[in-house]
1. So how many residues does region B:263-309 have that are in contact with a Lys or Arg (Cβ under 7 Å, 6 or more places away or on another chain) and without any contact (Cβ under 8 Å) to a residue 12 or more places away in the chain?
2. Considering E:121, E:99, which residue is over 20 Å from the mean Cα position of the chain (by Cα) and over 30 Å from residue E:195 (Cα atoms)?
3. Identify the single condition in (1) over 25 Å from residue B:90 (Cβ atoms); (2) open to solvent by 40 Å² or more (accessible area, probe 1.4 Å); (3) of a type in the set (A, V, I, L, M); (4) in a helix (DSSP H, G or I) that residue B:134 does not satisfy, given that it satisfies every other one.
4. Suppose we keep only residues that are touching a Pro at 6+ places or on another chain (Cβ under 6 Å), at negative phi and in contact (Cβ under 8 Å) with a residue 24 or more places away in the chain within region A:141-162. Which one would you say is surrounded by the fewest Cβ atoms within 10 Å (Cβ to Cβ)?
5. Among the residues of region C:230-242, write down those that are free of Cβ contacts under 8 Å to residues at least 40 places away in the same chain and surrounded by fewer than 24 Cβ atoms within 10 Å (Cβ to Cβ).
6. Name the residue that is surrounded by the fewest Cβ atoms within 10 Å (Cβ to Cβ), counting only residues in region A:101-112 that are in contact with a Lys or Arg (Cβ under 9 Å, 6 or more places away or on another chain) and assigned to a loop (DSSP other than H, G, I, E, B).
7. Would you be able to tell me the number of residues in region C:34-75 that are at the interface with chain D (Cβ under 10 Å from one of its Cβ atoms), within 23 Å of residue C:249 (Cα to Cα) and touching a strand residue (DSSP E or B) at 6+ places or on another chain (Cβ under 8 Å)?
Amino acid sequence: MKRKSQEGIAARGGARAALSSLSLAQGKRARLWRLLYAHGPANGTLMVLPLDQGLEHGPTDFFPNPPALDTTYQLRLALEGRYSAIALGIGLAEKYVHEHAGEIPLILKLNGKTNIADDAEATSPAFATVEDAVRLGADAVGYTVYVGSPRQETEIREYGKVRAECERLGMPLVVWAYPRGRDIEAKGGKGSLYAQDYAARVAEELGADVVKLHEPAPETGESPAPYRTLREDAQARLRRVVRSAGRVMVLFSGGVKNDDDAAVLRKVRLYMECGATGVMFGRNMWLRPMDEALALTRRVRALLQRHPR
Amino acid sequence: MKRKSQEGIAARGGARAALSSLSLAQGKRARLWRLLYAHGPANGTLMVLPLDQGLEHGPTDFFPNPPALDTTYQLRLALEGRYSAIALGIGLAEKYVHEHAGEIPLILKLNGKTNIADDAEATSPAFATVEDAVRLGADAVGYTVYVGSPRQETEIREYGKVRAECERLGMPLVVWAYPRGRDIEAKGGKGSLYAQDYAARVAEELGADVVKLHEPAPETGESPAPYRTLREDAQARLRRVVRSAGRVMVLFSGGVKNDDDAAVLRKVRLYMECGATGVMFGRNMWLRPMDEALALTRRVRALLQRHPR
Amino acid sequence: MKRKSQEGIAARGGARAALSSLSLAQGKRARLWRLLYAHGPANGTLMVLPLDQGLEHGPTDFFPNPPALDTTYQLRLALEGRYSAIALGIGLAEKYVHEHAGEIPLILKLNGKTNIADDAEATSPAFATVEDAVRLGADAVGYTVYVGSPRQETEIREYGKVRAECERLGMPLVVWAYPRGRDIEAKGGKGSLYAQDYAARVAEELGADVVKLHEPAPETGESPAPYRTLREDAQARLRRVVRSAGRVMVLFSGGVKNDDDAAVLRKVRLYMECGATGVMFGRNMWLRPMDEALALTRRVRALLQRHPR
Amino acid sequence: MKRKSQEGIAARGGARAALSSLSLAQGKRARLWRLLYAHGPANGTLMVLPLDQGLEHGPTDFFPNPPALDTTYQLRLALEGRYSAIALGIGLAEKYVHEHAGEIPLILKLNGKTNIADDAEATSPAFATVEDAVRLGADAVGYTVYVGSPRQETEIREYGKVRAECERLGMPLVVWAYPRGRDIEAKGGKGSLYAQDYAARVAEELGADVVKLHEPAPETGESPAPYRTLREDAQARLRRVVRSAGRVMVLFSGGVKNDDDAAVLRKVRLYMECGATGVMFGRNMWLRPMDEALALTRRVRALLQRHPR
Amino acid sequence: MKRKSQEGIAARGGARAALSSLSLAQGKRARLWRLLYAHGPANGTLMVLPLDQGLEHGPTDFFPNPPALDTTYQLRLALEGRYSAIALGIGLAEKYVHEHAGEIPLILKLNGKTNIADDAEATSPAFATVEDAVRLGADAVGYTVYVGSPRQETEIREYGKVRAECERLGMPLVVWAYPRGRDIEAKGGKGSLYAQDYAARVAEELGADVVKLHEPAPETGESPAPYRTLREDAQARLRRVVRSAGRVMVLFSGGVKNDDDAAVLRKVRLYMECGATGVMFGRNMWLRPMDEALALTRRVRALLQRHPR
């Protein structure tokens, strides 16, 4: 049997690698190319504006910037800020995007839940399908997997059905890989390096194309070994989870709003230097007044443009 | 890429906006138009007569007005009172409406439950389908979602299947968005502004066309922040939930019967002034003697006619 | 729009009304006609002989009359007693009815359970289908719904699938509407007027064609208001539940065996005078020696013949 | 309407009755005939060799006779002992029977479980289908129903799907009707007359063709009335459960191994005299050395041949 | 009827027997042949390199050899080490194998879970399908069954669906038969001879083609009888579980890494002498530096080549 040299199996990751993969279905390649090279920074990085917080957290999240309660706010920001994509559930996608369809790529978020019940046994049911995404001209679907939840059986099984549909229809799959549930809380919490690192690997093994993660927190000693005794700085932690995601492109989330633009930009720079493919910042963008949001967006974009993939 | 001006993305809501949306399927538009402009006030507002209380609460609800136990009572009221639609489950829809089919639009309520068990883990199973609605010539389906219930996984997943069927068949979807379950009770109760405001947003993100809500109660300090410290008057609260519903048309429910006609009318006026698309009053209508019910109906209609949408 | 006069919406019920409904599918009308006018009293009343007690209660029920353990006993009684129909599960229907198929209408009971576990969370799974009923030439299917059970989600959802199949195949649906479970026990018990009245309404809202109920017991003060304080006699209670069933035809069950023929006949007379469409007596018939059972059957039939519907 | 005389509805049971039933599907008749008249005693009785104990109890069961761990042992016994059929799960059926297919009828056992968890909530999942049985040329399928288990909803519902498939494909259905679970234990235990008698009736009402039961134990006073006070001898108990099975053919199981051949034969004689159609003895056969097993098999067969059905 | 002689039913196992079985579907034979005779030792033994630990245990497992976090490491090892196959989940299979497809057989692992929640009620959901395996050109699928878990109903039922798909598509089925859950822990633990022996038999009865087991531990007296009192040496224990697997080919797992190459090789020799078809060692291979891993691989292969099947 003919064997390729070791060099032929070198590690690769990021956008260029993803697109050049021989195994990529044609439709998935077409859609990923649009996200990576036709919109946003258009250099293989991703700058996604998500808006599912109204379902996940309630209107509470919009109080700091009431105009953001109206989805036209985020749509305008996505369009004028020239994001790579806007991520919306079916309700917002159908009622707001139509007249701008084609101008801004859509990531249709398929599942979600409220935070009225606590997350001890979190599970995220789907209320839209990959076929809806095709019908709406979306360029990807988004799907939350609550990694390590006591309900992980449901989480993984339902994910598997969505993955199969993505395969069938050539639809890229962006996984919100969120450690969640009483067991992860007992092992150091959802924000720990252990939790985020595990989530990154789960996304890779489950077959995501892109994974949304949170920046891992410093270790507090409650994680399982060997994480418990790791004393890595932010950069090392970020590089670790990016490595654990393998060939899955990593987007870091912004989390709660930070009023300090410079701090936000430092985060983005840090993420990109550590190998991220991009960012998916919601509240840190659309909770700012429009001019400030657009200004910060421009600076984030400029930053991403310095990290072609 | 060509970008539309900011004005092109202005917020819009209500009937006119809904019907002018480019994304609206033709069948759904036809049915919504019938509800909004061919029946009832016929000015873009909605006056719906619901009758699912016999299933939801038992015959108990009919004791104050025994003739109302016979569905012909409500049907007569809907016809003579010229409502926009009557909302019925499959049993009543099949056994009572046929000889008046076409005269009064039907909203086929697909799911329901008894109140024999308490609502700590409320969930509402479907016993009819969107195809039943098509077969019966209905102009919309109704579907209850118990927002925030511990069973929200089932609630949302089953909702998603109904939504997809509505999409496939061009059927408008009216969501009874009801906060329910032990967790919402622990956070201030199902009637709070927090609860109703969240429910409104959930209906929008899940893709409802019309949402049925309750008027939010004054804050008692048991809700999560920032609601806990809000001190808004009734009008501000109503406007808030209407805003949170975005482009979903809001109907307010009447709840338990109020014997004071003037008070009922004040409520309707308040709801309409705060942006509601209409009302869905059941017991406040059909628990009145027929002549009184018709008289009140006429006054409600007159009021709605002053708020074209 | 043309409006029909109030008279056009008058209440109607019973067999004649059911058959004259414009909304009745042709196959369902044909089968109901056979049950109501070609067999049994043949005057729009129903006299059904049920036999599912062997599954529901075990062979225990046959001890008072051992020959009844052999289904040929009930089949002979049904044939010679000229019942409107015999109600059997698939096992008995397939193994005993064939050579008399056509002579006696069959109501195929689709679901059931043992009483080995208690009824705190009662639910009744189906083990046969509406297609089985069609294949066996049945004229209706029977389906138990445990009203108000903690498992009501399953009860109602599974019922809904059976209802849709009945619709598709033109098969009448007889609902055993049985209040059951720990919650109804905490509210006065399954036999109370509250429970039976609620069950009657549930059957109507869910879309039954015929409902099997128990005669409601006198109020003990444990039911919810307003039932708690009702002091109605047997006739008033029966009339109430018949009214709550609306256009669904009501059959009353016989319950445990009463050795006093005259008492049984008084019950039948009472039920018919209060608006019932008929009776479904099992143990009160087939636990009697054959000659006594046939004699009582003849007297019941004679009684029903005085109440044409 | 023409009525047949009472004689026309006489009770019948056993093989001849089963095969002469007008309602029997042609494929099911062909397969039952092979089992009853072409193999084994070939006189309408059944002598089935079951082998599912490795799954149900683990290799533990084979310790008394290690060669029996190899399925070729049971296959040789079935072939040389000329059994009516061998009952195997899909794994053994596919890996061992092929080269003898046609020589020995196969009953494909569709479901099973381990005994590692206790039986308080026993339920038996299927891992093969009726279509597998058709593909493998089986003459029947076997299916365990845990009668009265807290999981009886699942037990009965899943059974119903298998039954429908058997109907569709003309496949006889042998039900292992096993009382099981905490509720039956609280009512006198799975081996009681109450339990076995109920199980027999359940098998009949659910539509089995053949039922496997255990010989009921003497009453200990823990069963529900009226069983509690019955004082019947073994023969009366056996006749009772055979009667409760009605037209379903009854096979009695052998249970744990009895080293006394004469005792085993006395049991077989007793069962046949009490109306059984045959026996399904596993451990009592294949835990004996081959020559002893074959010798005992010959004596059992001789006994069955004295009871043509 | 013609009967074959006893010799015709002799026990057979291993690769040659599996391939010569008349019942083997053509596609399954083709794929098994490739695994057994075209790759790896190519003498009827199997040397499989598994990589699902990132999902099952998290990135933790890669800490001792960080390069192994990159799947190209295992792929290079599998290719250069000339393994019989590499076992991967869908994520790794799609993103890493493509350019070497055909060079190294793929076993697509269909299900998995994290170890964040404990294993008291372990169940392993599928996130890929047998059709995925066909699409990717895999030569087998892998599927974990948690033997004896309180969730065994789900485990067995879902397994059954995968088995049926394998049958339909001619795909060999490798079962990771893992005793797991609180009940097995209460009976001596997942590593006991009792547990592994039961798991081997379960794999056979459920219809696996190949089973992955762990070497059984010495008895500690906590297992059920008769295991409790067995005092067998390692060889006897291994031979026992291989016998219990019958005609299913047995692969032994390596478990946690052992730094002593000689000890690893002694294990392999022991397994092969006791009748194993091969080994599936992951961490014991890819946690070594590449040159050491390749060296050890060559020695394992040499050992397997001395045990043609």
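The values are calculated or read from the model by the stated rules, or taken from the named source; none is laboratory data. Please read these numbers as outputs of a predicted model, since none were measured by experiment. Methodologically, a virtual Cβ is constructed for each residue, glycine included, from the backbone with ideal geometry; neighbour enumeration extends over all protein chains shown. Side chains are part of the model used for accessible areas, which takes the heavy atoms of the whole protein and leaves out ligands, DNA and RNA. Shrake-Rupley method; radii C 1.70, N 1.55, O 1.52, S 1.80 Å.
1. 0
2. After applying the criteria, what remains is E:99.
3. Exception for residue B:134: condition (1).
4. A:156
5. C:230, C:231, C:232, C:233, C:234, C:235, C:236, C:239
6. For region A:101-112, the residue satisfying everything is A:103.
7. Selection size over region C:34-75: 3.
Residue-by-condition table, conditions (1) hydrophobic (A, V, I, L, M, F, W, C); (2) part of a loop (DSSP other than H, G, I, E, B); (3) within 14 Å of chain A (Cβ to nearest Cβ):
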position: E:114; (1), (2), (3): no, yes, yes
position: E:124; (1), (2), (3): no, yes, yes
position: E:138; (1), (2), (3): yes, yes, yes
position: E:154; (1), (2), (3): no, no, yes
position: E:190; (1), (2), (3): no, yes, no
position: E:198; (1), (2), (3): no, no, no
position: E:208; (1), (2), (3): yes, yes, no
